[in-house]
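Novice: Let me give you the structure first, and then I'll get to my questions.
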Amino acid sequence: FARNPQLVIDFYNARRRQLLTAQPNAAHHALARLADHYDVRIVTQNVDDLHERAGSRQVLHLHGELKKLRSSVDDDYVVDWTRDQTLADRDPDGYLMRPHIVWFGEAVPLIEEAVRLVEAADTVIVVGTSLKVYPAASLLHYARFGVPVYLIDPKPNADVSGVEILAQTAVRGVPALVAELLRAAER
């Protein structure tokens, strides 16, 4: 970004336009349905808004949000953004805006909040991750002892003690698990 801000801006403008054509899938919708019966807190590494569009209300975007920009100098100056960004887009002090995305090598400012959410959870569901990107991959280790932890991934490459692995895609595995959890709530 420092060397070629236009290249980076163009990349994220294309992602933002692409997001406009994307739709929430069955997994997004199932998690939103689950929130009708449980206090569901979603921690996502994804930078899209598909959880929100599916109806989820409590979503923590660990790696930022595609539909937001922030000041390149003041990390606390963040604005909603749905159109293309240009080099002319500046914060109130005149500094260039940048995508509100956590880039490789940057700190993950919401990691402590994510840890608190996992520590407080009665059930942890991990979906579609290799468990190789840190610090996010460490979150499941903050689940309290005895709390059910599920990993839904078609090709899980992690053997984590105490984790029930559902070797399915998110679109198949999440709705199935949600249906099971909702049946349990009815009992």
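Novice: Can you tell me the length gained on complete extension of the stretch N25 to S130, counting 0.36 nm per residue apart and subtracting the Cα distance?
Specialist: Contour length minus the Cα-Cα distance gives 35.8 nm.
Novice: From the helices alone, meaning DSSP H stretches of at least four residues, give me the mean residue ellipticity at 222 nm for the chain, per-run term -39500 (n - 2.57), in deg cm²/dmol to the nearest 500.
Specialist: Details: 5 runs with 56 residues, N = 187.
So the calculated ellipticity at 222 nm is -9000 deg cm²/dmol.
Novice: Please report, in cubic angstrom per residue, the volume enclosed by the convex hull of the alpha-carbon atoms of the chain.
Specialist: Per residue, the Cα convex hull of the chain comes to 127 Å³.
Novice: If each of Y95 and A185 carries a label point 7 Å out from its Cα toward its Cβ, how far apart are those two points in nm?
Specialist: It is 4.3 nm.
Novice: Also: Could you check the spin-label model distance between Q6 and T86? Points 7 Å from the Cα along Cα→Cβ, value in nm.
Specialist: Output for this residue pair reads 1.3 nm.
Novice: Turning to a different aspect of this structure: Dipole of segment 56-136, Cα-centred, from +1 at each Lys and Arg C-beta and -1 at each Asp and Glu C-beta, to the nearest 20 debye?
Specialist: That gives segment 56-136 a dipole magnitude of about 340 debye.
Novice: Nothing charged except the Cβ atoms of Lys and Arg (+1) and of Asp and Glu (-1): what's the magnitude of the dipole of the chain about its Cα centre? Round to the nearest 20 debye.
Specialist: On the way: 21 positive and 25 negative charges, 111 e Å.
Result for the chain is approximately 540 debye, rounded to the nearest 20.
Novice: Ignoring ligands, DNA and RNA, what percent of the accessible area of segment 51-187 is carbon or sulfur (1.4 Å)?
Specialist: Values: 4110 of 8070 Å².
It is 51 percent, rounded to a whole number.
Novice: Under a point-charge model restricted to the Cβ atoms of Lys and Arg (+1) and Asp and Glu (-1), what is the dipole moment magnitude of segment 1-73 relative to its Cα centre, in debye to the nearest 20?
Specialist: On the way: 11 positive and 7 negative charges, 49 e Å.
Once rounded to the nearest 20, the dipole reads 240 debye.
The values are calculated or read from the model by the stated rules, or taken from the named source; none is laboratory data. The structure displayed is predicted, hence computed values, not measured ones. When we count neighbours, we look across all protein chains shown, and the Cβ atoms used for this are built from the backbone with ideal geometry, even at glycine. The protein model used for the area step is the full one, side chains on, heavy atoms only, and it has no ligands, DNA or RNA in it. Shrake-Rupley method; radii C 1.70, N 1.55, O 1.52, S 1.80 Å.
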